[in-house]
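A.B. asks: The structure's right below; bear with me while I get my questions together.
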Amino acid sequence: HHEFASDDYPYLAYNPYIKDLSWAGIKAIFSNYYFSNYHPITSLTWAIEYKIWQMNPMPYHITNLLLHLVNTLLVFVFFKKLVNSNNVALICAALFALHPMHVEVVAWVAQRKDLVYTAFFLLSLIFYVQFTNNKKVLIYVCSVLFFILSLLSKSMAITLPVLLVLIDYYRGSLTAKSLINKIPFFVLSLGFGILTLKTQEGIRFDKDFTPVFPFVDRIFLVCYAVCLYLYDLIVPTGLALFHFYPVKTNGSFPMMVYASPFILILIAFLITRIKSFRKELIFGFLFFLISISIVLQFVPAGCAIISERYTYVPYLGCFFIIAMFYDRLQAGAFKPLIKFKALSNYVLICFIGLLAAVALVRVGNWENYETLLDDLVAKEPDNPYSYFSRSHYLLEFKQDPKAALADIQEAIKLDTTVASSYSNCGFLMGIMRDYPGSVRAFDMAIKLDSSDRKYHMNRGISRMMLPDYKGALADFNIWLAADSSSAEMVYDKAFCLYHVGDTAQAAVVFNKALALNPKYVDAYYQLGTLYFLQKDYKKAIQQFSSAIALKKDYTDAYYNRAAAKFNSNDPGACDDIRMAMSLGQKVAPEILAKCK
């Protein structure tokens, strides 16, 4: 019964490709990328749902849940085939099904791509394991085909060929010859990897909230991210929409950041020392690292150091280690630990039960976008992006500029160096008609980032409303020097030129606005007014007539056209006066006398 949240709206409500389920529409889905992502099969599932249910969120959530259940079954099948143990398969499936880090993937409709790619990903793994058993060509072909479908669902599937090599290692079948059958997988992975780079080359993360770190810091942060993922595997607390980068205090990160590489080295050392369980540890840990590697922030992209949804497949390696350790312990393989055999049952049951309880609470946070962002603010009250995000929601979805302004002002208090926060503040103040405050906010945004011409455009609009036409004109000129394609911005420049007294240039620029948009009603009206003041009544009448042709109830245009007609002795002036009066225009007695 949950609503849509976060990116669900851009991916569904604003996505033109899912609105057409015809053959032409399906072709468009497979031949275009959207939101810098190429995932046509995922988009096709949305298109089918949109065709039947439009924007009713329930069917989308049901589909996500069903896909998660299918994936849970496939996890069981995969590990059953890999190690031929019901215990191991069941524990892996239970951990996968109930782990709270996976709530984000299931509860967030826009993350359907993770669910779909995982289904095909697991099928490809299952068929490959089956192929290693019977060497049947058809089984191999099925594995390749499911890999292609996985790639068409989300590019994160490109890690699969390396996992196939890892499976060969674990099963003791890794040879030079066995690598040959991986060639089609690696070729497909490389091709889709290049395609992904192409689709995302124009992606633009908010530069104000994307931190920049020197190379050495990035090494520590990547290691720290891996440690965070491992920590949340066992202690999944503090789950939130964003897990922000650690903050430097007096030039230094928290000590755990610097300790993280040594923690990973220690883990690697311990793996080499544990002989009886070494292969399982290597397989599970490398499965995790390989799968998660492409989303580790070697180059920061956005404000989050880790994301919960990225664990959906990688955690399978960790679940495998847990399940295999339990299974070996029950089989009496670890003699020093044999006394904990009975206790391990209770530990496992309690652990899975606690995961389920935490997941249930986390599901509640995803009830709608508001509950999700309120949870983010509650858990990350010291990060400006928490308030920045909620401010955007309060304006766009709740139409509450007052509450949105309070949040963006809180974001500014927490960090006075973020240009986009001041810009949003200026925009909100403009909506609330605090134009002096709006201009001051845009002044700060421009001071912090003078390269963003959008700030000049918005400050120009606020200046125009003060009115400060000269200042607005200067801002509009900066914007239009880079982009003169907007009829509205060209119109605003002409309006300012008119008010600073440059009527000749104003007429030229109004005509440019009309060239960009021949149906720009107000441009015709303003141009008519300008010609009227220049006493060119014939042109004024033409412009007012064009405005009226596009807007039949344009009262001011009728009234002003009447004035132009009176001045040019046009007998139709009284008809315009009567029409203006019928639309509610008050007319001076002396004008009424002319029409008796």
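The values are calculated or read from the model by the stated rules, or taken from the named source; none is laboratory data. Being a predicted model, the structure only gives us computed values, none of them experimental. Neighbour counts are summed over all protein chains in view; Cβ atoms, including those assigned to glycine, are modelled from backbone coordinates with ideal geometry. Quick note on the areas: whole protein, heavy atoms, side chains included, nothing else; ligands and nucleic acids left out. Shrake-Rupley method; radii C 1.70, N 1.55, O 1.52, S 1.80 Å.
A.B. asks: Got the relative contact order for the range 454-531 handy, in percent, Cα pairs under 8 Å and 6 or more residues apart? Display every interim value, and only then the final one.
C.D. replies: Numbers: 92 pairs, mean separation 17.9, N = 78.
It rounds to 23 percent for the range 454-531.
A.B. asks: Further, regarding this structure: Is there a quick way to get the dipole size of the range 66-202? I mean about its Cα centre, with the Cβ of Lys and Arg at +1 and of Asp and Glu at -1; what is the value in debye to the nearest 20?
C.D. replies: In total the dipole reaches around 400 debye.
A.B. asks: Next question, about the same structure. Whose amide H sits under 5 Å from the amide H of Ala5, counting only residues 5 or more places off or on another chain, with H placed in the peptide plane?
C.D. replies: Val109
A.B. asks: Next question, about the same structure. How much length is gained on full extension from Ala176 to Tyr14, taking 0.36 nm per residue of separation minus their Cα-Cα distance? Working shown, then result.
C.D. replies: Working: separation 162, 0.36 × 162 = 58.32 nm, distance 4.93 nm.
Full-extension gain reported as 53.4 nm.
A.B. asks: Something else now. What percent do you get for the relative contact order of the range 395-464 when only Cα pairs under 8 Å and 6+ apart count? Don't jump to the answer; show the numbers that get you there.
C.D. replies: Values: 73 pairs, mean separation 18.9, N = 70.
Once normalised by length, the contact order is 27 percent.
A.B. asks: Once both axes come from the Cα atoms, what is the angle between helix 521-533 and the longest principal axis of the chain, in degrees from 0 to 90, rounded to 10?
C.D. replies: Helix 521-533 and the main axis of the chain meet at about 30 degrees.
A.B. asks: Here is a follow-up. Against the longest alpha carbon principal axis of the chain, how many degrees, from 0 to 90 and to the nearest 10, is the axis of helix 503-516 turned?
C.D. replies: Here the helix axis deviates by roughly 50 degrees.
A.B. asks: OK, next. Using θ = phi - 60° and the Karplus curve 6.51 cos²θ - 1.76 cosθ + 1.60, what whole-Hz ³J(HN,Hα) does each residue of the range 129-145 get, with Gly and Pro shown as x?
C.D. replies: Running phi through 6.51 cos²θ - 1.76 cosθ + 1.60 with θ = phi - 60° gives 4, 5, 5, 5, 7, 10, 6, 7, 4, 4, 5, 4, 4, 4, 4, 5, 4 Hz.
A.B. asks: Evaluate 2.2 N^0.38 Å with N set to the residue count of the range 392-436, then give the Cα radius of gyration divided by it.
C.D. replies: Working: Rg = 9.9 Å, N = 45, 2.2 N^0.38 = 9.3 Å.
Compared with the compact-globule rule of thumb, the range 392-436 sits at 1.06.
A.B. asks: Then there's this: Tell me the accessible surface of Trp53 in square angstrom (1.4 angstrom probe, heavy atoms of protein chains only), to the nearest ten.
C.D. replies: Roll a 1.4 Å probe over it and Trp53 shows about 110 Å².
A.B. asks: Also, quick follow-up: Just name one of Ser153, Ser484, Ile548: the one whose Cα is farthest towards the positive end of the charge dipole of the chain (beta-carbon charges, Lys/Arg +1, Asp/Glu -1).
C.D. replies: Comparing the listed Cα positions along the dipole, Ser153 ranks first.
A.B. asks: Please tell me the relative contact order of the range 137-276 in percent, rounded to the nearest whole number, where contacts are Cα pairs under 8 Å and at least six residues apart. Please list the in-between numbers first.
C.D. replies: On the way: 54 pairs, mean separation 27.3, N = 140.
Worked out over the range 137-276, it gives 19 percent.
A.B. asks: Also, I was wondering about something else. On a straight-distance basis, which lysines could pair with Lys81 in a cross-link, Cα separation under 19 angstrom, same-chain partners fewer than 8 positions away excluded?
C.D. replies: Qualifying lysines at Cα under 19 Å: Lys135, Lys136, Lys279.
A.B. asks: Right, next: Can you tell me the dipole magnitude for the chain around its Cα centre, using point charges on the Cβ only (Lys, Arg +1; Asp, Glu -1), in Debye to the nearest 20?
C.D. replies: Working: 55 positive and 45 negative charges, 354 e Å.
Once rounded to the nearest 20, the dipole reads 1700 debye.
A.B. asks: Can you give me the angle between helix 86-98 and the longest principal axis of the chain, using Cα atoms only, in degrees from 0 to 90, rounded to the nearest 10?
C.D. replies: Orientation of helix 86-98: about 20 degrees from the principal axis.
A.B. asks: Check the cysteines of the chain one by one and keep only those with no other cysteine Cβ under 4.7 Å from their own.
C.D. replies: If one checks each Cβ against the other cysteines of the chain, Cys92, Cys142, Cys223, Cys227, Cys303, Cys318, Cys350, Cys425, Cys496 turn up with nothing under 4.7 Å.
A.B. asks: What order do you get for 390-396, 173-179 when each peptide is scored by the mean count of other beta carbon atoms within 10 Å, highest first? Before the final figure, lay out each step's value.
C.D. replies: Working: 390-396: 20.3, 173-179: 11.3.
For the peptides 390-396, 173-179, the packing ranking is 390-396, 173-179.
A.B. asks: Using just the helices of the chain, give the 222 nm mean residue ellipticity in deg cm²/dmol: DSSP H runs with n ≥ 4 each add -39,500 (n - 2.57), and the total is spread over all residues, rounded to 500. Present the calculation step by step, with values, prior to reporting the outcome.
C.D. replies: On the way: 30 runs with 413 residues, N = 596.
Value at 222 nm, helices only: -22500 deg cm²/dmol.
A.B. asks: How large, in percent, is the carbon and sulfur part of the accessible surface of the chain at a probe radius of 1.4 Å? Please list the in-between numbers first.
C.D. replies: Working: 17790 of 28120 Å².
Result for the chain: 63 percent of the exposed heavy-atom area is carbon or sulfur.
A.B. asks: Based on C-alpha coordinates, I'd like the Rg and Dmax of the chain, in Å.
C.D. replies: Cα radius of gyration and Dmax of the chain are 31.8, 114 Å respectively.
A.B. asks: If you don't mind, there's one more thing I want to ask. Work from the charge dipole of the chain (Cβ charges, +1 for Lys and Arg, -1 for Asp and Glu, about the Cα centre) and give the residue of Tyr229, Val109, Ala474 farthest towards its positive end.
C.D. replies: About the Cα centre, the residue reaching furthest to the positive side is Tyr229.
A.B. asks: Per residue, how many Å² of accessible area does the chain show with a 1.4 Å probe?
C.D. replies: On the way: 28120 Å² over 596 residues.
Per residue, the chain has 47 Å² of solvent-accessible surface.
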